[in-house]
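Undergrad: Got a structure here, written out as structure tokens. Questions coming.
The values are calculated or read from the model by the stated rules, or taken from the named source; none is laboratory data. Bear in mind the structure is a predicted one, so any value in this text is a computation, not a measurement. Here Cβ is always computed from backbone atoms with ideal geometry, including for glycine, and neighbour counts include all displayed protein chains. The area values use the complete protein model at the heavy-atom level, side chains included, leaving out ligands, DNA and RNA. Shrake-Rupley method; radii C 1.70, N 1.55, O 1.52, S 1.80 Å.
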Amino acid sequence: MNILIVCNKFPYPLKDGGAIATFAMIKGFAQTGHSVTVAAINTKKHYCNVETLPDDVRKLADFHAVNVDTTITISGTLKNLLFSKQPYTATRFFVPQFADLLKDLTAKTQFDVIQLEGVYMCEYIDVLRKNQSSQATILNSKLYTLIPTLSYRAHNVEYEIWERLYKECGNPLKRWYLKNLAQRVENYEKSQLNCYDFIVPITERDAQKYNEIGNVKPVCVTPTGFDEEKIKALPSHEQAISLFHIGSLEWLPNQQGLLWFLQHCWDDLYQEFPHITLRIAGRNAPQHFIDAVQNQSGVEFCGEVPDAQQFMAENTIMIVPLLSGGGMRIKIVEGLAYSKAIVSTSIGAEGIDAEKYNAICIANSAEEFTAALRNLLQNDNKRKELEANAIYFVRNHFENTVLIQKLLQFYSDNVACV
């Protein structure tokens, strides 16, 4: 197959869950012998110099990027709020230069599948449909017109993230804005339903949600996978037990959840276990968050670490205290793949189903979260049982080649019938 992947950020380097999810699919398609072209909006926040891509990355696909400043500004926010009904999160990503790139690529090449990474790339569906030339083929004695098959890869149900954020927000003005944004995103997301030919949600739960709100197109649930060689136990330092969190700290749900944990759980745990440390790593943390973290005894703010795998190896128990968010937390699956004991809320572990296999601890209140961590800190056997179950679970549910082959079969079975 000839596949075009359209991204709202460049899928390399692998510094956040979105990039990891997209890159895993690019790599999987390439490794199974398919031709991949990538068109990405190259933002300041996730900038990549395409000319300096490592050779092993460059050989996977034909990469194209358009530099776009999608920075959120006060003036942009006010202008959008006053003069538009579209969510600001969406309007930042529709730019004529990127539309021109897509026109150029689709004019030159007949793609079998065009895969849109995230709801905001659905804005380009009209451009892609109008510009791609049609071809005819005979299959099973029937004549089919082959137009580009547009597949929407849903990384999450976007409006739920904002809905959950405003419900947990205590600041009245901020709560009002987040509620307004959540409604706009919901209207936008629903307006994009069924404009695509297929939908590829990242979790079964998201697939059900999309069907509930009106999707009628064929569905193929495809979680983010991990290469077999990357699913390996990373031994922790047994003599220096530590808690850790790693994830993008520019993402509001991560900030919100960690501040909740520090306010409601950490003091009691640290008084009971004064030998432990909580280490927090992530990129682009705002100053107010850094100040709040550094004011806590026993907490170490690590910022963006050069090697996430090494950071996980150096620490013991992963915490994911998310109160909002959506989709699948890639860092949880990564932690499971590295045989880490993890305590998460139900929202944090949504769509992963590791609890069924005793591969993760789920805790949804401050009392439950504290109790779960206390149990792991006091009971080495319980922690080691979780670690063993974690890696077994990932090997059986998230091996990338298996997931990619399933999706490719779905495309192969359906593409000529669109």
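Undergrad: What accessible area per residue comes out for region 1-117, rounded to a whole number of Å², with a 1.4 Å probe?
TA: Details: 5310 Å² over 117 residues.
On a per-residue basis, 45 Å².
Undergrad: In whole Å, how far is the Cα centre of region 365-393 from that of region 20-86?
TA: About 37 Å separates the Cα centre of region 365-393 from the one of region 20-86.
Undergrad: Over region 164-264, average the accessible area per residue using a 1.4 Å probe and give it in Å², no decimals.
TA: Details: 4620 Å² over 101 residues.
Value returned for region 164-264: 46 Å² of accessible area per residue.
Undergrad: Let's see if you can work this out: charge +1 on each Lys and Arg Cβ, -1 on each Asp and Glu Cβ, no other charges. What is the dipole magnitude of the chain about its Cα centre, in debye to the nearest 20? The partial results should precede the final answer.
TA: Details: 40 positive and 46 negative charges, 212 e Å.
Roughly 1020 debye, rounded to the nearest 20.
Undergrad: Given the peptides 250-256, 299-305, arrange them by the average over their residues of other C-beta atoms within 10 Å, most packed first. Mind showing how you got there, number by number?
TA: On the way: 250-256: 20.3, 299-305: 15.4.
Sorting 250-256, 299-305 by mean packing, highest first, produces 250-256, 299-305.
Undergrad: Could you order ASP126, ASP291 by accessible surface area, starting with the largest, using a probe radius of 1.4 Å?
TA: Details: ASP126 100, ASP291 70 Å².
Greatest to least solvent exposure: ASP126, ASP291.
Undergrad: What is the set of long-range amide H partners of ARG279 at a cut-off below 5 Å, with H atoms built 1.01 Å from backbone N?
TA: So ARG279 has HN proximity to LEU243, PHE244, HIS245, GLU300.
Undergrad: While we're here: What residue among ASN180, LEU258, ALA19 has its Cα farthest toward the positive end of the dipole of the chain, where the charges are +1 on Lys, Arg and -1 on Asp, Glu, each on the Cβ?
TA: In the chain, that residue is ASN180.
Undergrad: Additional query: What number, rounded to the nearest 500 deg cm²/dmol, is the helix-based mean residue ellipticity at 222 nm of the chain, given -39500 (n - 2.57) per DSSP H run of at least four residues and division by all its residues? Don't skip to the end; give the middle numbers.
TA: Working: 17 runs with 178 residues, N = 418.
Counting only the DSSP helices, I get -12500 deg cm²/dmol.
Undergrad: If you don't mind, there's one more thing I want to ask. Run through region 13-48 and list the chymotrypsin sites (Phe, Trp or Tyr not before Pro) located in a DSSP loop whose Cβ has at most 12 other Cβ atoms within 10 Å. Spell out each step's value before the answer.
TA: Values: sites: PHE23, PHE29, TYR47; in loops: TYR47.
Hits after loop and neighbour filter: TYR47.
Undergrad: Counting only other residues whose beta carbon sits under 12 Å from that of LYS406, what net charge do I get with K and R as +1, D and E as -1? Could you put the intermediate results ahead of the total?
TA: Working: positive: none; negative: GLU399, ASP413.
For residues surrounding LYS406, the net value is -2.
Undergrad: Leaving out same-chain residues fewer than 8 places away, which aspartates and glutamates sit with a Cα under 18 Å from that of LYS382?
TA: Hits, sequence-local ones excluded: GLU238, GLU355, GLU368.
Undergrad: A further question follows. Among the listed pairs LYS130/LYS179; LYS85/LYS167; LYS79/LYS174; LYS27/LYS406; LYS27/LYS190; LYS79/LYS331, which have their C-alpha atoms separated by more than 24 angstrom in this model?
TA: Numbers: LYS130/LYS179 35 Å; LYS85/LYS167 21 Å; LYS79/LYS174 17 Å; LYS27/LYS406 15 Å; LYS27/LYS190 30 Å; LYS79/LYS331 35 Å.
From LYS130/LYS179; LYS85/LYS167; LYS79/LYS174; LYS27/LYS406; LYS27/LYS190; LYS79/LYS331, over 24 Å: LYS130/LYS179; LYS27/LYS190; LYS79/LYS331.
Undergrad: Expressed as a whole number of Å, what is the distance separating the alpha-carbon centroids of region 203-267 and region 296-311?
TA: Each part reduced to its Cα centre gives a spacing of 17 Å.
Undergrad: So, one more: Tell me whether region 346-400 comes out rounded, prolate or oblate; compute the Cα gyration tensor, take square roots of the eigenvalues as a ≥ b ≥ c, and use a/c under 1.5 as the rounded threshold.
TA: Details: a/c = 3.56, a/b = 1.36, b/c = 2.62.
Taking the square roots of the gyration eigenvalues as a ≥ b ≥ c, region 346-400 is oblate.
Undergrad: Out of the DSSP beta bridges found with both residues in the chain, what percent are antiparallel (nearest 5)? Walk me through the intermediate numbers first.
TA: Values: 5 of 51 bridges.
DSSP beta bridges in the chain are roughly 10 percent antiparallel.
Undergrad: Take the solvent-accessible surface of the protein heavy atoms, probe 1.4 Å, and return the percent of it on region 202-253 that carbon and sulfur atoms account for. Can you show the working numbers first?
TA: On the way: 1210 of 2370 Å².
Taking all protein chains in place, region 202-253 shows 51 percent carbon and sulfur surface.
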